[in-house]
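The values are calculated or read from the model by the stated rules, or taken from the named source; none is laboratory data. Everything numeric here is computed off the predicted structure, so don't read it as measured data. Positions of Cβ are generated from backbone atoms using ideal geometry, with glycine treated the same way; all protein chains shown enter the neighbour counts. Quick note on the areas: whole protein, heavy atoms, side chains included, nothing else; ligands and nucleic acids left out. Shrake-Rupley method; radii C 1.70, N 1.55, O 1.52, S 1.80 Å.
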Amino acid sequence: MQPLTLKIDSVQLAFNERKILQDIYLECKQGEVVGLLGRNGSGKSSLLKIVFGTLRSSFKHVSIDGNFIQHGYLQSRIAYLPQHNYLPRGIKISRLANILIDEIYWNDFSNLSIYQDHRHKNAEQLSGGELRQFEMLMILYSKADFILLDEPFTHVTPVQADYFKGVIEKVAQTKGIIITDHQYQDVLDISDRIILLKDGCTKPIKNIDDLITHNYIGNFR
Ligand SMILES: Nc1ncnc2c1ncn2[C@@H]1O[C@H](COP(=O)(O)OP(=O)(O)OP(=O)(O)O)[C@@H](O)[C@H]1O
């Protein structure tokens, strides 16, 4: 089957007449990881929420293979890992897993020691790091064609971040992934393409020098 393409175009967002997003163009195909970088407050989370459909913008064009998507969260087309915790507190991990995990990934997920050790617990009985691991894994192993990851490496140890990078690369064989995180080296490691969000506009980044030119990172060389 041909890989699907998620297209995000002409997003316009302002808060209290302050323009946040104004010239946005982003594409992601199943099979690729697109890294979205940008300074604090540049609008990365807002853009991901607009694509997912939980934040309204004055204009947007989001489509999958030409079919307009108003609410990405419907029909499991798009899954989104927000910065904050999202799993409901009072439901057992095993029950959530049964609902959220795609059957093709069930063996990968259910054999993980973290699942074996904690499946009988509710989310509120997990440590912050354990909860974040489950939230991340349940998004990555979900049925969605496209995955949006907002700061997946924040609050996790380097070893966990490396493990997540491996899972991202694995599921990206069949899914399209857009990832943003301030651990930019981790993002560079796994991304096929990098887009910088600056002054409300998306800018394709060709190499590390572009990130220096755009003042996203300093020139330490
Ligand atoms: N509900 C809101 N009302 C008013 N302003 C908002 C609202 N949500 C976000 N903003 C502002 O919009 C801008 C973009 O916020 P956003 O969270 O999208 O940035 P970000 O690039 O994800 O930042 P960070 O890297 O710090 O997480 C910020 O200046 C923020 O203060």
message = For the range 70-88, which positions are free of Cβ contacts under 8 Å to residues at least 40 places away in the same chain, in a loop (DSSP other than H, G, I, E, B) and surrounded by 11 or more Cβ atoms within 10 Å (Cβ to Cβ)?
response = His71, Tyr73, Pro88
ask   = Any idea which residue in the range 33-60 is nearest to Ile208 (Cα to Cα), counting only those that are open to solvent by 40 Å² or more (accessible area, probe 1.4 Å) and of a type in the set (D, E, K, R)?
value = Arg39
query = Name the pairs: first residue in the range 30-54 and near the ligand (Cβ under 6 Å from one of its atoms), second residue open to solvent by 30 Å² or more (accessible area, probe 1.4 Å) and part of a loop (DSSP other than H, G, I, E, B), Cβ to Cβ under 7 Å, at least 6 apart or on different chains?
reply = Ser45/Gln83; Ser46/Leu55
Helices (runs of 4 or more DSSP H) wholly inside the range 91-143 containing at least 2 residues that are open to solvent by 60 Å² or more (accessible area, probe 1.4 Å) = 93-100, 106-110, 113-118
inquiry  = Based on this model, can you work out whether Asp23 counts as more than 12 Å from the ligand (Cβ to nearest atom) and open to solvent by 90 Å² or more (accessible area, probe 1.4 Å)?
reply    = yes
